[in-house]
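Taking it in order: structure first as structure tokens, then the write-up.
The values are calculated or read from the model by the stated rules, or taken from the named source; none is laboratory data. Bear in mind that the values here come from a model prediction, so they are computed numbers and not experimental data. We place every Cβ from the backbone using ideal geometry, glycine too, and count neighbours over all the protein chains shown.
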Amino acid sequence: MDRKYWETIAPNYDIEIFDVLQNDTSGSIVAAIDEMASPEKTIIDIGCAIGKWIPVLSPKFKTVIAADISAKNLDIAKEKHTEYKNVEYHRMDFSADELTVTPCDSAICINAILTDSLEKRINFFQSLSLCLHAGGELVLVVPSLESKLYTNIIADRWNVDDAENDETPTLKDAIQQVSNIKQGVTNIDNVPTKHYLKEELELLLTLEGFEISLIKKINYSWRTEFHKPPKWLKGPYPWDWMCTAQKKS
């Protein structure tokens, strides 16, 4: 997932990309944002895409920095949210080797650290720290590897969405898939996408100087995973991980 990918997908973002805000029916992410909100604070939306979180952030903070790797995403966000006057739009690559950014009081990063490149993920987690003042607060959401494996087990065990008819990968593809899964990278719609273990997430944030306040599941409907989920299939439901953390002084 590089800049070219996001520039290409930008016009169809609403169709192609999972909407975390709409599917978090528990309201847990908005509640976490409310906990750190203040009309005196600045907040950066790291990987804001087409700005779905701007209507949530703008009324609660003094200034919102909407930052994304894709210029097209930012153009769409500007067009969609002209009524929010306290939003600044900046194209930034948080996975780059160097990042110039003015630290903010708070930050959100919602399913933006998805690249299958280990080097880029290392840079991205370092960028989370660069984006915040000492004592700054972070709300981070990432795909769960445990949930992805759980979903795959159910699909294979009960042949959900005709899983048994999936094409057998070529030897080359199979070798690549094995290499990917060792890093927690598994496909979403044929795109290699990083998923995270809870303990891995704790470690990565701690190494970047964060003190973790909370890690919890953001549960979703089975319809987010399957076209035709069985009627008997209830909880435990699929989930992402949400983490709240504070940058140490």
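Quick notes on this one:
- The residue that is farthest from Val56 (Cα to Cα), among those in the range 88-98 that are outside any loop (DSSP other than H, G, I, E, B) and in contact with a helix residue (DSSP H, G or I) (Cβ under 6 Å, 6 or more places away or on another chain), is Arg91.
- Filtering Gln183, Gln177 for residues that are of a type outside the set (Ser, Thr, Tyr), farther than 25 Å from Gly235 by Cβ and part of a helix (DSSP H, G or I) leaves a single hit, Gln177.
- Looking across Ser95, Ser117, one residue alone is among the small types (Gly, Ala, Ser) and over 16 Å from Pro192 (Cα atoms). It is Ser95.
- Qualifying residue in the range 194-206 (condition: over 21 Å from Phe125 (Cα atoms) and either in a loop (DSSP other than H, G, I, E, B) or at pLDDT 95 or above (or both)): no
- Of all residues making up the range 97-112, the number that are modelled with pLDDT of 95 or more and in contact with a Ser or Thr (Cβ under 8 Å, 6 or more places away or on another chain): 3
- Scanning the range 101-124 for residues that are part of a loop (DSSP other than H, G, I, E, B) and within 21 Å of Ile29 (Cβ to Cβ) yields a total of 4.
- Against the test of being surrounded by fewer than 18 Cβ atoms within 10 Å (Cβ to Cβ), on the phi < 0 side of the Ramachandran plot, in a loop (DSSP other than H, G, I, E, B) and without any contact (Cβ under 8 Å) to a residue 40 or more places away in the chain, the options Lys234, Lys228 yield a single qualifying residue, Lys234.
- Qualifying residue in the range 169-187 (condition: more than 22 Å from Ser117 (Cβ to Cβ), charged (D, E, K, R) and either modelled with pLDDT under 95 or in contact with a Cys (Cβ under 9 Å, 6 or more places away or on another chain) (or both)): no
- Checked against the criterion of being surrounded by 15 or more Cβ atoms within 10 Å (Cβ to Cβ) and not charged (D, E, K, R), the candidates Ser147, Ser249 yield just one match: Ser147.
- Restricting attention to the range 65-87, the residues that are in contact with an Asp or Glu (Cβ under 9 Å, 6 or more places away or on another chain) and not in a strand (DSSP E or B) add up to 7.
- Scanning the range 17-46 for residues that are at pLDDT below 95 and crowded, with 17+ Cβ neighbours inside 10 Å returns Ile17, Val20, Asp24.
- Per the listing Glu164, Glu211, Glu137, Glu200, the residue uniquely surrounded by fewer than 17 Cβ atoms within 10 Å (Cβ to Cβ) and closer than 25 Å to Thr42 by Cβ is Glu211.
- For the range 170-192, the set of residues classified as surrounded by 10 or more Cβ atoms within 10 Å (Cβ to Cβ), of a type in the set (S, T, N, Q) and more than 23 Å from the chain's Cα centre (by Cα) consists of Gln176 only.
- All positions within the range 50-60 that are in contact with a helix residue (DSSP H, G or I) (Cβ under 9 Å, 6 or more places away or on another chain), part of a loop (DSSP other than H, G, I, E, B) and surrounded by fewer than 20 Cβ atoms within 10 Å (Cβ to Cβ): Lys60
Results for (1) closer than 28 Å to Lys231 by Cα; (2) in contact (Cβ under 8 Å) with a residue 24 or more places away in the chain; (3) among the polar types (S, T, N, Q), shown as yes or no for each residue.
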| residue | (1), (2), (3) |
| --- | --- |
| Ser147 | yes, yes, yes |
| Ile154 | yes, yes, no |
| Asp161 | yes, yes, no |
| Lys194 | no, yes, no |
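- The condition of being surrounded by fewer than 20 Cβ atoms within 10 Å (Cβ to Cβ), in contact with a Ser or Thr (Cβ under 7 Å, 6 or more places away or on another chain), polar (S, T, N, Q) and over 29 Å from Trp239 (Cβ atoms) holds for Thr63.
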